[in-house]
Amino acid sequence: MDFAWTEESDAFRMTVRRFLDRELPVDWSDIARHGPGSHEQTEFSLSFCPKLAEAGLLVPHWPEEWGGRDRPTWEHFILGEEMWAAGEPRGGQYMNVNWIGPVIMRFGSDDQKQRYLPQMAEGRAIWCQGFSEPGAGSDLASLRTKAVRDGADYVINGQKIWTSYAGLAETCFLLARTGEGRSGIAVFLVPMDTAGIEVRAIPSLIGHGDIHEVFFTDVRVPETCRLGEEGEGWTIVSYALSNERVGIPRYEMSARELDAMVAELQGRGGFGNAVIRSRAAEAAAACEAARMLVYRVVDERARGVAPGTAANLARVAVVEADHKVTDFGMDFLPDCFSGSEHSRFLSHHERAIVTGIAAGAAEIQLNIVARRHLDLPKGL
Ligand SMILES: Cc1cc2nc3c(=O)[nH]c(=O)nc-3n(C[C@H](O)[C@H](O)[C@H](O)COP(=O)(O)OP(=O)(O)OC[C@H]3O[C@@H](n4cnc5c(N)ncnc54)[C@H](O)[C@@H]3O)c2cc1C
């Protein structure tokens with residue numbers, strides 16, 4: 001098997017790197033240390049993403065009709081790797097590019113496509129994802145936020161939690177209940193300035209304005225805000241999540257953090273020890289394993305194969321790689337994780353803690369692998 005990139009792919013990667021070298025400001029590391037989910041970084045995306053769009057590098061894999069260039073799936077992933085390795089200057093807009101836009105292309109009405117896709121392709125749209133609720137995280141299907149029909153409108157009541165980007169988002173990709181069970185879930189595209197929506201920041205370990213509670217009290221939206229049909233919400237969200245499981249190539253960021261840790265240790269004359277070297281090798285191997293497992297999913301997608309358990313496995317491997325790298329740093333460079341200065345390694349560590357939870361808990365991915373891949377009975 002040949003794992004080498006084509007010349008065209010290499011050239012594309014170099015184009016992205018040159019763009020980043022040119023466009024990231026000198027104080028980018030100050031902004032980036034707040035982390036990809038932070039208020040600062042998402043705000044930064046509003047000046048960065050339009051430039052990326054102008055260079056044809058925001059949505060190259062989208063169809064031309066919607067501002068893309070019909071480029072291959074692999075380019076989309078190369079772009080993701082380079083963006084995450086640089087600290088993800090697209091902020092919350094990576095979600096538009098990866099799954100919100102494609103989901104609207106597939107399930108949206110003509111009006112919804114016209115209203116939302118051009119703005120996303122221009123790099124000017126901030127969205128938030130209103131899925132999780134208190135009591136409905138891993139078990140998302142037990143969500144309780146209700147959307148009740150009233151003539152040509154819906155009236156929405158309920159609460160979402162852990163909502164990233166809600167402090168700046170103009171639109172929420174909201175899951176709400178219109179009936180019982182999974183078939184009673186619908187998706188609504190809700191403008192965040194609609195009366196009755198209240199956003200409250202949640203102070204947290206990663207506390208840079210990242211996560212929020214969002215309260216919906218008698219929020220009235222027209223039925224044209226519904227994406228797809230009333231019972232179609234679960235199908236839509238399953239499609240969205242299957243696309244998103246490998247949408248955050250943090251292994252690239254982790255691998256570069258590890259390089260920086262090793263360089264720091266070498267600078268201190270502390271990289272000669274065999275135990276330290278073997279732990280660094282273990283972390284590097286975990287990053288490569290994650291990369292290979294993600295590439296398997298990308299290859300399937302590029303060939304039009306429906307997403308399967310390879311995506312769940314890849315997601316677990318990405319979490320493992322993140323943890324191995326940050327554990328290495330914590331063990332051998334402990335001073336870089338303490339003190340008043342918020343170091344780059346500390347930022348990575350904070351994100352590594354939540355990475356196994358944020359886009360669906362790693363344990364849940366393992367459950368899926370156990371049942372669907374290893375054919376183990378449920379409950380063991
Ligand atoms: C930084 C961050 C950003 C987030 N952003 C968003 C966002 O923008 N929008 C959004 O909707 N949500 C968001 N979330 C929420 C995230 O999707 C949920 O935290 C996640 O789905 C887990 O749900 P929960 O927090 O309710 O934990 P729970 O589901 O209560 O799980 C708690 C623990 O129990 C384990 N567990 C639960 N059930 C099982 C089981 N059956 N078998 C084995 N172990 C189990 C889990 O693995 C986890 O370790 C974010 C979370 C974080 C941390």
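The values are calculated or read from the model by the stated rules, or taken from the named source; none is laboratory data. Worth saying up front: this structure is predicted, and the values here are computed from it rather than measured. Positions of Cβ are backbone-derived with ideal geometry, glycine not excepted, and every protein chain shown enters the neighbour counts. Accessible surface is based on the protein model in full, side chains and every heavy atom, while ligands, DNA and RNA are left aside. Shrake-Rupley method; radii C 1.70, N 1.55, O 1.52, S 1.80 Å.
Taking θ as phi - 60° and the Karplus parameters 6.51, -1.76 and 1.60, the scalar couplings of the range 11-17 work out to 5, 4, 4, 5, 4, 5, 4 Hz in sequence order, x denoting glycine and proline. Backbone phi angles across the range 168-176, fed through the Karplus curve with coefficients 6.51, -1.76 and 1.60 (θ = phi - 60°), yield HN-Hα couplings of 10, 5, 8, 9, 10, 8, 9, 9, 9 Hz in residue order; Gly and Pro are listed as x. When the chain is treated as a GNM with alpha-carbon contacts under 10 Å, the residue of M83, M120, M292 showing the greatest mean-square fluctuation is M292. Tally Lys/Arg at +1 and Asp/Glu at -1 over every other residue whose Cβ is under 10 Å from the Cβ of A314; what's the total? So the environment of A314 carries a net charge of +4.
Accessible surface area normalised per residue over the range 235-363 is 43 Å², counting heavy atoms of protein chains with a 1.4 Å rolling probe. Normalised by the number of residues in the chain, the average gap of Cα pairs under 8 Å and 6 or more apart makes the relative contact order 14 percent. Of the residues F216, V190, A152, the one whose Cα sits farthest toward the positive end of the charge dipole of the range 129-230, with +1 on the Cβ of Lys and Arg and -1 on the Cβ of Asp and Glu, is F216. Per-residue extension of 0.36 nm, minus the Cα-Cα distance of T217 and K113, leaves a gain of 34.7 nm for this segment.
Looking at the chain alone, DSSP beta bridges between its own residues are antiparallel in about 85 percent of cases.
Within the shell defined by Cβ-Cβ distances under 15 Å, the residues around P222 carry a net charge of -3, with Lys and Arg each +1 and Asp and Glu each -1. In the range 298-380, taking the dipole from charged Cβ atoms about the Cα centre, the farthest positive-side position among G304, P334, I357 is held by G304.
Shown are D30, D375, D153, whose ranking by accessible area with a 1.4 Å probe and every protein chain present, most to least, is D375, D30, D153. Nearest 0.05, what FRET efficiency do L376 and T73 give at R0 = 35 Å with Cβ-Cβ as r? According to the calculation, E is roughly 0.65. Sparse packing (at most 15 other Cβ atoms within 10 Å of the Cβ) combined with a DSSP loop state is found for the following GluC sites (Glu not before Pro) in the range 282-376: E341.
Surface composition of the range 1-159: carbon plus sulfur atoms contribute 47% of the solvent-accessible area (1.4 Å probe, protein chains only, all chains present). Largest accessible area first, the listed residues K324, K146, K113 line up as K146, K324, K113 when surface is computed with a 1.4 Å probe on the assembled protein chains. If you take every residue apart from T235 with its C-beta less than 13 Å away from the C-beta of T235, what net charge results, scoring Lys and Arg +1 and Asp and Glu -1? For residues surrounding T235, the net value is -1. For the range 318-328, the Karplus equation 6.51 cos²θ - 1.76 cosθ + 1.60, evaluated at θ = phi - 60°, returns couplings of 5, 5, 4, 4, 4, 5, 4, 5, 5, 5, 4 Hz by residue, with Gly and Pro reported as x.
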